[in-house]
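The values are calculated or read from the model by the stated rules, or taken from the named source; none is laboratory data. Bear in mind the structure is a predicted one, so any value in this text is a computation, not a measurement. Note that we place each Cβ from the backbone using ideal geometry, even for glycine, and neighbour counts take in every protein chain shown. The accessibility values were calculated without ligands, DNA or RNA, using every heavy atom of the protein model including side chains. Shrake-Rupley method; radii C 1.70, N 1.55, O 1.52, S 1.80 Å.
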Amino acid sequence: LTGVLDDCLCDIESIDDFNTFKIFPKIQKLQERDYFRYYKVNLKRPCPFWADDGHCSIKDCHVEPCPESKIPVGIKAGSSNKYSKAANNSKELEDCEQANKLGAVNSTLSNQSKEAFIDWARYDDSQDHFCELDDERSPDAQYVDLLLNPERYTGYKGPSAWRVWNSIYEENCFKPRSVYRPLNPLAPSRGGLVSVCHFSWTGLCLEKRVFYKLISGLHASINLHLCANYLLEETWGKPRWGPNVKEFTRRFDPAETKGEGPRRLKNLYFLYLIELRALSKVAPYFERAVVDLYTGNGHEDAESKALLLDIFRDTKSFHMHFDEKSMFAGDKKGAKSLKEEFRLHFKNISRIMDCVGCDKCRLWGKLQTQGLGTALKILFSEKEIQSLPENSPSKGFQLTRQEIVALVNAFGR
């Protein structure tokens, strides 16, 4: 890919250089810190749109959570102000680790991490604008270590996976009049399965083009990670994961995708720009002394915040940001209506993630959707962020720990 992206004054080469040399090494380090590696998620929420068609039974889709009695107290105290040092004995921890080895999603916590969960809810606020949030108090919500559960190919595909993306694109996305989509495994036809390959933005305003590109970019990101971390072989019970060029070609090569592949990849760059812009805009929220990345380990918390502020400085130095002020800039009534439509469409997409049949895929789908939803929330809250009080928690704009973790990890993807 080369050249300028549509709808912004930014070229791909500038993004590549900026990300490779400035952002990526620091984001990687940040994702490894305790505050950002543990994400609380409910993988048991029912699909609100159609009857569940069964969960993926492939081993790499599976989740084997720790029994409630085995979870360290510090985690259970995560959304309250109470904390006890009562810890599980080593035998219980071994049992928990053994249970998790059976499943591909590993929610085991290391001993040194147990005390990290003292009070991560200090600045939590349930209000959210663009996403359907999991109830963290639900007995089905659990902490997952993202480093132990990397996003990768699980074998989940076919009608169930296609149905999720089809619902997103066809029912919840402003899209070009016709765009090439993967073949429909749900609709039989005599002459093979028909796909559409024409592309036209006619009649689609900037806001709706942006929405479509963000969803397409998210889809491209997920597909890229499946190709980059693919199960190449499994010999003697030792799986080998790595890049699958053939799979990448199938999903992105112009000849294989009727010219659509490069456009999908360009949309990934566009998604990067939007989330980068959100990071630069939210910096004042974190620059205040009142905000800690609180885990209970004072030294690590200070280092994490310093690294995050360093990343913010880099994001501000980027000179080709997307100008979100060009969105919803028409007449007030029309702009307000369009913004609400935008928000509701995105909220619906976040709910569709509960229809993903593979738990590993659901985990990363929910996290990245919430990360993008948080980025949109930030971009549409500029006035509130600029008027934040320096020494007290704000009422006008608030981010929960879950939103912060999702934003950083989604951008990291």
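Here the label points at S326 and A306, each 7 Å from Cα along the C-beta direction, are separated by 4.0 nm in the simple model.
The largest accessible area among E151, E340 belongs to the first residue in E340, E151, and the rest follow in falling order (1.4 Å probe, all chains).
Here the contact order of the stretch 266-391, divided by its residue count and restricted to Cα pairs under 8 Å and six or more residues apart, works out to 39 percent. Evaluated at q = 0.18 Å⁻¹, the base-10 log of the normalised Debye intensity for the stretch 306-371, with identical point scatterers placed on the Cα atoms, takes the values -0.91. Label-to-label distance for K26 and H319 is 1.8 nm, based on points extended 7 Å past Cα in the beta-carbon direction. Looking at the P(r) of the stretch 358-413, how many percent of alpha-carbon pairs lie beyond 19 Å? Looking at the stretch 358-413, the distances longer than 19 Å represent 36 percent of pairs.
How do the peptides 26-36, 359-369 rank, highest first, by the average count of neighbouring beta carbon atoms within 10 Å per residue? Can you show the working numbers first?
Details: 26-36: 18.4, 359-369: 24.2.
Sorting 26-36, 359-369 by mean packing, highest first, produces 359-369, 26-36.
Which residue, I404, Q370, I385, has the largest displacement toward the positive end of the dipole of the stretch 359-413 when charges sit on each Cβ (Lys, Arg +1; Asp, Glu -1)? Checking the options against the dipole of the stretch 359-413, the answer is Q370. How many angstrom separate the Cα center of the stretch 26-46 from the Cα center of the stretch 306-338? Using only Cα atoms, the two centres lie 25 Å from each other. Extending 7 Å from Cα along the Cβ direction at A51 and again at L9 yields two label points whose distance is 5.6 nm.
Counting only protein heavy atoms and using a 1.4 Å probe, what share of the accessible area of the stretch 201-272 belongs to carbon plus sulfur, as a whole percent? Ligands and nucleic acids excluded, carbon and sulfur reach 57 percent. For the stretch 229-275, the alpha-carbon radius of gyration amounts to 1.55 times the rule-of-thumb value 2.2 N^0.38 Å expected for a compact globular protein.
Rounded to whole Å, give me the distance from the Cα center of the stretch 387-408 to that of the stretch 229-285. Centre-to-centre distance over Cα atoms comes out at 30 Å. Extension gain, E287 to A255: 0.36 nm times the residue separation minus the Cα-Cα distance gives 6.7 nm. Its alpha carbons considered, the stretch 317-413 gives a radius of gyration followed by a Dmax of 15.6, 45 Å. In angstrom, the C-alpha Rg and Dmax of the stretch 205-245 are 16.1, 55.
May I ask you to list the chymotrypsin sites (Phe, Trp or Tyr not before Pro) in the stretch 200-294 that are in a DSSP loop and have at most 13 other Cβ atoms within 10 Å of their Cβ? Numbers along the way, then the final one.
Working: sites: W201, F211, Y212, Y230, W236, W241, F248, F252, Y269, F270, Y272, Y285, F286, Y294; in loops: W201, W236, Y294.
Listed in order of number, the matching sites are W236.
What shape does the stretch 262-358 take by its C-alpha gyration tensor, where a ≥ b ≥ c are the square roots of the eigenvalues and a/c under 1.5 counts as rounded, a/b above b/c as prolate, and the rest as oblate?
Working: a/c = 1.78, a/b = 1.49, b/c = 1.20.
In terms of gyration-tensor shape, prolate.
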